[in-house]
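Take a look at the structure set out below.
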Amino acid sequence: MSKTEKFIAEVDRYSAHNYHPLPVVIAEAKGIWVTDVEGKRYIDMLSAYSAVNQGHRHPKIIKAMEEQAGRLTLTSRAFHNDRMGPFLKKLSAYTGYDKGLMMNTGAEAVETAIKAARRWSYKRKKLDEDRARIIVCEGNFHGRTTTIVGFSTDPVCREGFGPFTPGFDVIPYNDATALERAITPQTAAFLVEPIQGEAGVFVPSEGYLKRAAEICKANSVLLIADEIQTGFGRTGRRFCSDWEGVRPDIICMGKAMGGGVYPVSGIAADDEVMMAAFEPGNHGSTFGGNPMACAIAAASIEVIEEEHLAERAAELGDYFRGELHKIGHSRIKEIRGKGLLTGLELHELARPYSLELKERGILAKDTHGTTIRFAPPLVITREELAGALKTITEVLGK
């Protein structure tokens, strides 16, 4: 039995079978490169679902983590720490919002936004207590909690986990007219992904998000943008909403916020929402805003800004999709994306091609059967991307 087979067998024996990963066991990583337990190197074209925008083990982020680990790791929110305030000031400057609220995982950020929208609607919009409704989209992926899977339209996520939390209305994605029709006097918010990443990198029509923002504003409905996958430079802007000049009322953040080394998430919003929604005792997290997370997240944002990773993603993303279009094989149905977030949809199952790419040193993951998602770390060079494209073309164009 090989090392790879041994480790996979252990996972199969001792872990719940809630994932179906590619048969590779990674032991080391640096930048865009990962190395498996057999010593084989691969280009990481998934970036841990956009959690590693800055590249694996970025020196500045690792240094911040090590220095903070030598001083203070956790206080809980029972006490203040000397990292949270400076970080939130930096986050406010980066996002343009008055305040942030720190959590740990992406799902927690979405749950926090849901709670914020509901409480805001009762205190500011004066909706009937316990009757607020939130509009969501078909094909959404906002996390795995019971509340969130309850408004998923993916049967794999939902089946067997009910009963579900009420208060959500599902409409088609990329349909502003459907949004307008769905709003009622009890609507508190519209929760939407600027690009539906997990669903297969579905990019809405130009102007959709802007029109949705206008509809929400006209009806005193909060616009909540889930930027957990699309934020922090991934799509070629700080946040994907920036492409249309849209400023959501709440943004959900996570993944790359932790620089690929620590779970960090949260929401950002202005005082009008934050002060209405939260007061001491009504929401919290033992680890949310801990000094380790704040030190790491501060360094993670600095890397994105100092290395101009959003601008790099915009340029290289256009190049990458342009080269994919040149493959021209009949098995390719559609190529979608913004920045360095690309979905390549086939007319057939995608997993065999993901497996062949793995054999040739490219790690990318199939999603929803027929789509391969490509999302390399934003530190990738044009030359490295060209090398990956050569292999991708050989696999998909043969």
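Bear in mind that the values in this text are calculations on the coordinates, not laboratory data. This structure is a prediction, so every number in the text was calculated from the model and none was measured. Here Cβ is always computed from backbone atoms with ideal geometry, including for glycine, and neighbour counts include all displayed protein chains.
Phi-derived couplings, Karplus 6.51 cos²θ - 1.76 cosθ + 1.60 at θ = phi - 60°, listed residue by residue for segment 391-398: 5, 4, 5, 4, 6, 8, x, 7 Hz, with x used for Gly and Pro.
Protection proxy ranking for 15-24, 67-76, using the average of other Cβ atoms within 10 Å per residue and placing the highest first: 67-76, 15-24. For segment 321-388 and segment 107-143, write down the distance between their C-alpha centroids in whole Å. Cα centroid to Cα centroid, the span is 35 Å. Once the Cα atoms are used to define both axes, helix 84-95 deviates from the longest principal axis of the chain by about 80 degrees.
Phi-derived couplings, Karplus 6.51 cos²θ - 1.76 cosθ + 1.60 at θ = phi - 60°, listed residue by residue for segment 171-180: 10, x, 6, 6, 9, 5, 5, 4, 4, 4 Hz, with x used for Gly and Pro. Per-residue ellipticity at 222 nm from helix content only, as computed over the chain with -39500 (n - 2.57) for each DSSP H run of at least four residues, stands at -11000 deg cm²/dmol.
Between 93, 64, 350, the residue with the greatest mean-square fluctuation in the GNM of the chain (Cα pairs under 10 Å linked by springs) is 93.
Looking at 281, 87, 225, which one has the Cα that reaches farthest to the positive end of the dipole of segment 59-306 (charges on Cβ: Lys, Arg +1; Asp, Glu -1)? Result: 281.
Sorting 33, 120, 243 by the number of Cβ atoms found within 10 Å of their own Cβ, with the fewest placed first, yields 33, 243, 120. Each Lys and Arg Cβ is given +1 and each Asp and Glu Cβ -1; about its Cα centre, segment 53-104 then shows a dipole of about 60 debye. If the chain linking residue 16 and residue 220 were pulled fully straight, counting 0.36 nm for each residue of separation and taking away their Cα-Cα distance, it would gain 69.1 nm.
Counting neighbouring Cβ atoms within 10 Å and putting the fewest first, the residues 246, 37 line up as 37, 246. Dipole magnitude for the chain: about 220 debye, using +1 per Lys or Arg Cβ and -1 per Asp or Glu Cβ, origin at the Cα centre.
Exposure proxy for 294, 157: other Cβ atoms within 10 Å of each Cβ, ordered fewest to most, give 157, 294. Legend: calculated FRET efficiency, residue 145 to residue 308, from the Cβ-Cβ distance at R0 = 51 Å, rounded to 0.05, equals 0.90. Cα centroids of segment 270-319 and segment 150-184: how far apart, whole angstrom? For segment 270-319 versus segment 150-184, the Cα centre distance is 27 Å.
Phi angles of segment 182-191 translate, via the Karplus equation with coefficients 6.51, -1.76, 1.60 and θ = phi - 60°, into HN-Hα couplings of 7, 5, 10, x, 9, 6, 9, 7, 10, 9 Hz per residue; Gly and Pro are given as x. Here the peptides 223-234, 139-150 are ranked by packing, the mean other Cβ count within 10 Å, and the order with the highest first is 223-234, 139-150. The long axis of helix 106-123 is offset from the longest Cα principal axis of the chain by roughly 20 degrees. Backbone amide hydrogens, once placed in the peptide plane, bring residue 55 within less than 5 Å of 378, 379, excluding anything fewer than 5 places away on its chain.
Summing Cβ point charges (Lys, Arg +1; Asp, Glu -1) relative to the Cα centre of segment 138-193 gives a dipole of roughly 180 debye. From Cα pairs below 8 angstrom and at least 6 apart in sequence, can you work out the relative contact order of segment 59-306, rounded to a whole percent? Across segment 59-306, relative contact order equals 32 percent.
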